[in-house]
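The values are calculated or read from the model by the stated rules, or taken from the named source; none is laboratory data. Given the structure is predicted, the values throughout are model-derived calculations rather than measurements. As a convention, Cβ positions derive from the backbone with ideal geometry for all residues, glycine included, and neighbour counts pool all protein chains shown.
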Amino acid sequence: MIRLPAVQAIFILVLFSICAHGVKAENEINTDIRYLYVQPGQTLHNIVKRLYPERKADWDKLRRQIVRENPHAFVDGDETKMKAGVRLELPRRYVTRPMPMLHPQQKMVGKVVIAEGQAIAVGHDNITRRLIAGDSVYVGDKLITGVDGFLRLKMVDQALLDLRCYSIMVIEAYDLHSTTRTSVINLLQGSLRKVTGEIGKWKEDVYELRTPVASIGVRGTEYALRVFQSKGCSGSIDTDDDGLYVKVIEGLVEVYNKAARTQVVKGDTLYIALPDEAPQDKAIKPGVLEPVADKPTVAPEKSSCNVYWWGALGIVLIAIAL
């Protein structure tokens, strides 16, 4: 069995062309450069298949390009003889059109609450934009964070989502107001922590968080996961594999793939190595899903009074009593 490739990709998001928020993309702009360190057992075919799933017709050309641009990584230029431990520079993507105005049909589904480090969105039109707090995200957006990137999103159904570094996530569908409320998000790689909102509370809702290893369905919960990310960042630790890790913080989730369908309840963890393998009993080390230097925990917003005002009120009451 060929193991899906480990992901130790170092994203260098070259943003010199959009160094100021809102600047239009012009000419040929290198919007991201990807590097990947080859792991034992990886094949070039599987690397290309997973990183460029939407470009199936170009797979042969992409493999030839990678071999041509990385002669050090192959024995005698043979794409089937890739060396382990070397770094591949992957094909770059260019934007050649100016940034258009938002199309009226583009559907806003959330807002950026926090954006740190390297954090961009690539729209359905392949135009790249740098994300800052207050920006909107839309159906079809591919969200990408770099080595020091972090995004916190608040979705239209009040769901809260933290996307950590080394992550690629696509918002495939999000609809709160139709007869069938829908949330479909695809985490291609990286680390995510989410508190579900209104979508997912009703039995009729369509809720799915997809990953290359397995998918997750919920009915009102908070959970964290990490997939295809063997290299740690932002206080998290490295792992010796790059499968799917899941932890349920509140509620219950259902995890399913080609091999099995499993429920995971509050406090439990789960690990799946490959899409056609069932979950394994494997303890998840501290620091894999909950970095030591963590961001503030994602949690449902609650009404509360500011401690300062309680203190001020106490002083006034004492003064009145005196």
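Assorted remarks:
- Enumerated strands (runs of 3 or more DSSP E) restricted to the range 214-289, each holding at least 3 residues that are under 19 Å from residue 201 (Cβ atoms): 215-218, 244-250, 252-256, 261-265
- Of all residues in the range 110-128 being more than 16 Å from the chain's Cα centre (by Cα) and either under 13 Å from residue 170 (Cα atoms) or hydroxyl-bearing (Ser, Thr, Tyr) (or both), the one that is modelled with the highest pLDDT: 128
Quick grid of which residues meet (1) under 19 Å from residue 184 (Cβ atoms); (2) modelled with pLDDT of 90 or more; (3) among the hydrophobic types (A, V, I, L, M, F, W, C):
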residue	(1), (2), (3)
226	no, yes, no
235	no, no, no
241	no, no, no
246	yes, yes, yes
255	yes, yes, yes
275	yes, no, no
280	no, no, no
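- Test: residue in the range 129-140 that is more than 25 Å from residue 181 (Cα to Cα) and at pLDDT below 90: no
- Subset of the range 250-266 (residues that are among the aliphatic types (A, V, I, L, M) and buried (at least 19 other Cβ atoms within 10 Å of the Cβ)): 253, 255, 264
- Filter result (on the phi < 0 side of the Ramachandran plot, modelled with pLDDT under 90 and among the small types (Gly, Ala, Ser)) within the range 214-224: 217
- Residue 99 being modelled with pLDDT under 85 and surrounded by 15 or more Cβ atoms within 10 Å (Cβ to Cβ): yes
- Complete set of residues in the range 242-268 that are within 16 Å of the chain's Cα centre (by Cα) and hydrophobic (A, V, I, L, M, F, W, C): 244, 246
Condition check ((1) modelled with pLDDT under 95; (2) in a strand (DSSP E or B); (3) at negative phi) across all residues:
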{"position": "148", "(1), (2), (3)": "yes, no, yes"}
{"position": "152", "(1), (2), (3)": "no, yes, yes"}
{"position": "174", "(1), (2), (3)": "yes, yes, yes"}
{"position": "190", "(1), (2), (3)": "yes, yes, no"}
{"position": "204", "(1), (2), (3)": "yes, no, yes"}
{"position": "207", "(1), (2), (3)": "yes, yes, yes"}
{"position": "212", "(1), (2), (3)": "yes, no, yes"}
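- The residue that is surrounded by the fewest Cβ atoms within 10 Å (Cβ to Cβ), counting only those in the range 186-210 that are hydrophobic (A, V, I, L, M, F, W, C) and within 14 Å of residue 176 (Cα to Cα), is 202.
- Scanning the range 211-241 for residues that are more than 14 Å from the chain's Cα centre (by Cα), among the charged types (D, E, K, R) and crowded, with 18+ Cβ neighbours inside 10 Å gives 222, 231.
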